[in-house]
Every structure is written in structure tokens, then in C-alpha cells.
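The values are calculated or read from the model by the stated rules, or taken from the named source; none is laboratory data. None of the values given here were measured: they were computed from a predicted structure. Heads up, the Cβs are rebuilt from the backbone with ideal geometry, glycines too, and the neighbour counts pull from every protein chain shown. We work out accessible area using only protein heavy atoms, side chains counted, and drop any ligands, DNA or RNA first. Shrake-Rupley method; radii C 1.70, N 1.55, O 1.52, S 1.80 Å.
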Amino acid sequence: MKETFLIGQIIALASADGGCELRHRDDAGRPARELEPHADPEDAAALALYDDAGNYRPLKTAPNLRHGWRLALDGQEGLRLALELFYPARLGAWRVYQRGRLDTTPLRETLGRQTGMYRVTAKLTDEQADALVGRFCRSDGGCLRAIFWRRDRAGTVPSTRLPPEKFDPACDQTTGKTLAEDDVPLICQEACNLLVAEVRAVVKGERPAGE
Amino acid sequence: MPDAPPAHPDTALLIVGHGSTVNPDSGAPSLAHAAAIRKRGIFARVGCVFWKEEPSLRDWPFLFNDDSDIRQVCVVPNFISEGYFTRTVIPRELGLDPSAAVTHRVGTEQRWVYCPPVGNHPAMTDLLLQRAREVAPGVREEETSLLIVGHGTGLNDNSAVAAKRQAELLRERSRYAAVLSTYMEEPPLIADWATLTDTPNVVVVPFFISDGLHSYQDIPVLLGIETEPTASASERLRGGEVFAQNPRRLHGRSLYYASAIGTEAHFADIIVEQALGALAPAVATSA
Ligand code: SF4
């Protein structure tokens, strides 16, 4: 089957009947019979829920998508729904970026608007932010999104510990290579809830900021 | 996916859930209801957003932005009651006009219609009653107390008022010896169930959206059927254990414990009705 595009850890293959099949990109070359067959786009929700070890995946863009399945889809609507369930709102975010209308929110603003038990996150120091973002968001083991937000309004880089490619939507966060034109990069326009929760743990001294 | 065109081809439905960063059970009912509604072919699109899961409420500009046929989006909070979330958090995070039911989006020209939360729907009482009867089939209602559990306290939360109101309605509609609203964190406490009731049978129905932390882990401890919080519902489900041990014998009574009302499949109907009702108020009142 011919590759059509990549999105995160997923590869879309063109099937002979004009439809498309999604797989984990590591499974692209495996014989179909070795993979658990699925044909309902709604199955993507369950496939995205747990990693290979059976742990809950609260962050859908973490590089821990489970292996060993294939999802056959026969139309644009099914493909759209499946990708929405695998990588929620990421196709839409990419579309808004391409239209030149993506707003990003600096980390300091995201932390400053928290209420209740997350209000303390505003106390994160710049050094802690640098170490934490470098650990938590890194593509290798953390998250596959390209970061578009800055640390503050002055435009400070979110973490000096991340390579320049982490901020480049043209870069494949899995391999470090350049994405092809039809590939869809996963972008991060604002710090996610999981990073905010981790900030809280760091501010409260429950976890170190860096490694 | 249905092949016929949807009944409302210009309308998308957006279900708003709380969600959790640690446990998949919190968001699961919203996702399941969304999938069930998609299969019915009523709306052009059906999606979910969450406070603590992906897609986030803050992701709203990225939803329904590829299809110019979508002219309106019905936003239905999958919440038990009006309160801090429905009045403050959701409108703020979704950029909705706080003083109007309809927000006109610049750019997409869509109208986003903010609908009442599911817990406000008049069918909620029947669902609670149905749940109570299913979990304790064949028990004589005259010898049974029905306890509805709400959260209580919390940030401007009206869930306690909502649970109290449901208990009043259930008293009128059933023959239970007693119907009480109880709470986790304020009196009458669910932990006192044995002294609050004097019937041989006691049925407990959590007035919660999901089998998250509260109904699956906290309330069983308060009831005395678990000694400490156990694995989450999804972990135990995968282990084959659900709400399968009814009734339990405790304090000389038979105790029946139901899963959270929000996991009920009919919740999908209520979500649809809250959306269509907000589009056509005349239809909603006659439903
Ligand atoms: S903040 Fe963005 S890049 Fe970092 S983990 Fe969250 S989604 Fe990924």
C-alpha cells in the first residue's frame, strides 16, 4: 500500500479500493494478517485510549500510541472522524495555522489565568520553567507537538533545553527529518492541562522540574 | 456512519464534559454519548470538548472550521446542574457571550447556541427511577429507601439543590418508603445511610455524570462496601468486575448500589433534546 501522509505516530496508506488505512507508523510494513483489523472510525477512540502496556493516555500527542492494529476507512468523513479521535482538534489547529490565523498563548498567561488548586502554578520560576518544559514536552518520550507558544510576551523561548526542531512544524518530531507536503504536523498553541498539572507538582515540591 | 443526509445538515453538536488527566472514566460517558448520537444522523457533526482532557475547551477555534455548511453549533454541557462550570468556566473558555444564549462567531459566521445542562432536563427524574428499579429488580418499593447521592458544597455548585429537587419529584412518582437526597460532603451524609433509613432494602443512585473518582472510588468507601479507594472503574471493568455484587448485606440490610446516572444510554437522548430544544423552544416545552 502506498503512503499518503503522516500525522504524529500514524501513517495513512492508500488501499487498492480507493479507501485508506491508518496504522501505527511502526507497523507500516507489517503483513496485514498480523494486525488487528478495524473498520469503524469510532474504534479510534478505544485505540487511542491506552498505550501498549495498558496505561491510560491522557495526552493524545504523547509518543505512546499503541501498536498492532489497522483501521480501514472508506471516505473522507470517516478519515476526518478517526483522526479527530486520535489527535483531537489537531487537524483544525493546523488548518487555522495555514490560514495565518493561529493565536498562541504564552506560558505565563496560561499559568496566570489558572484558578483554584492551579493558582499556585503562577509561582513557577523561569529556571523551573526552562527545566520542566525541557523534560515534559520533549519529543523523545514526552510529546510530539511542535511548540508555537513562548514563555512570555517578550517572546522568550519556552526551554533552552529543547532543540530548534521542537519549534519547527516542518520537522517530523518522531525522526527529526523534514515532513512531506501532505503530512500534518501536530502543533501546540498553548500549554496543555497536563503541563499545567505538572507545573503545580513542581511548584509544590512534589517533583523536580528537570530530569 | 449513517449514509442519509443528517436531519440538521447545518448544525453541529458540541458536548462539554469535565474529563480527567488521570482517569479515563470521567470523560468516557460524554464520548460514548457523542458516538451514539453520531450514529443517529441528526447533526452534521458531533464532538466533545473537556475541561481536563483533549480536545480542550480552549480548542474551540479548531472545531467545525473546515465545513462551510455548518452554520450553527449547539453547545450542551454534560453536567448535573447549573453552577460554576456552566455559568462561568464554559462560557469563558469557549468565548461565549455571557449575557446571551447565542454567540455570533466572527470569521466562520457560525452561531453558537448555549443550551441548558443535561441535569436540568425534565426526563432526569424518570431516568433516576429507572436506574433504581434496574439495580434492585423485584424489591418491594414499600420496603425500600431510595437515596440519591450528590456532591454537595463546592464552588457555587448547585448539584445539592438539584439532588434535593430530584428526591422531591421521585417521592411523588414512586412508592418507595422514603426518598432522600444525600451528599458526600455535607449532611445528610451518604456515610450515614444506615441511620438515615429504617427499611430492609436500601437503593443508592449517584447523581453524577460519570463513574469517576466519586461514584466508583469515594462513595463505596462512604457506604462501607469498600474499606479503601480501589482501582478506577475502567481498570476494574477490564478485570471483569463492575457493579456486580448487588445486593450487599450490611448493617442487617440489603444495599443496592447503582453506577452513576450519567452512564445511562438514554443520556444521549437528553443531550439531543437539550440541543434541539434550544433551537426550537416550542418543541422543547411540548416534548
Ligand atoms: S504543552 Fe504542548 S508540547 Fe508540551 S506536553 Fe502539552 S501539548 Fe505537548
* Show the residue pairs that are 6+ apart or on different chains and have beta-carbon atoms under 6 Å apart, the first residue being within region A:91-113 and touching a residue at least 24 places away in the same chain (Cβ under 8 Å), the second being among the hydroxyl-bearing types (Ser, Thr, Tyr). => A:111/A:121
* Pairs, first farther than 12 Å from residue A:129 by Cβ in region A:142-161, second of a type in the set (Phe, Trp, Tyr) and near the ligand (Cβ under 8 Å from one of its atoms), C-beta under 9 Å, six or more apart -> A:142/A:136; A:143/A:136
* Report, ordered by the first and then the second residue, all pairs with beta carbons closer than 7 Å, sequence separation of six or more or different chains, a first member in region A:45-68 that is farther than 20 Å from residue B:34 by Cα and without any contact (Cβ under 8 Å) to a residue 40 or more places away in the chain, and a second member that is open to solvent by 30 Å² or more (accessible area, probe 1.4 Å) and within 14 Å of the ligand (Cβ to nearest atom). => A:51/A:64
* **Unique match (being closer than 27 Å to residue A:187 by Cβ and facing chain A (nearest Cβ under 9 Å)) among B:59, B:69** => B:59
* To do: Among the candidates B:45, B:40, B:58, single out the residue that is under 20 Å from residue B:264 (Cα atoms) and more than 17 Å from the chain's Cα centre (by Cα).
  => B:40
* With A:197, A:180, A:129 as the choices, which residue is within 14 Å of another protein chain (Cβ to nearest Cβ), over 18 Å from residue A:63 (Cβ atoms) and either within 12 Å of the ligand (Cβ to nearest atom) or surrounded by fewer than 21 Cβ atoms within 10 Å (Cβ to Cβ) (or both)? -> A:197
* Asked: List, please: which pairs have Cβ atoms under 6 Å, are six or more places apart or on different chains, and start with a residue in region B:84-100 that is closer than 17 Å to residue B:74 by Cβ and end with one that is part of a loop (DSSP other than H, G, I, E, B)?
  -> B:86/B:79; B:86/B:117; B:91/B:98
* If residue B:121 passes every condition in (1) within 23 Å of residue B:245 (Cβ to Cβ); (2) of a type outside the set (S, T, N, Q); (3) open to solvent by 10 Å² or more (accessible area, probe 1.4 Å) but one, which one does it miss? -> (1)
* Asked: Looking at region B:20-43, which of its residues are more than 10 Å from every other protein chain (Cβ to nearest Cβ) and either assigned to a strand (DSSP E or B) or open to solvent by less than 40 Å² (accessible area, probe 1.4 Å) (or both)?
  -> B:26, B:29, B:30, B:33, B:37, B:41, B:42, B:43
* Tell me which residues, restricted to region A:46-60, are crowded, with 19+ Cβ neighbours inside 10 Å and more than 16 Å from the ligand (Cβ to nearest atom). => A:47, A:49
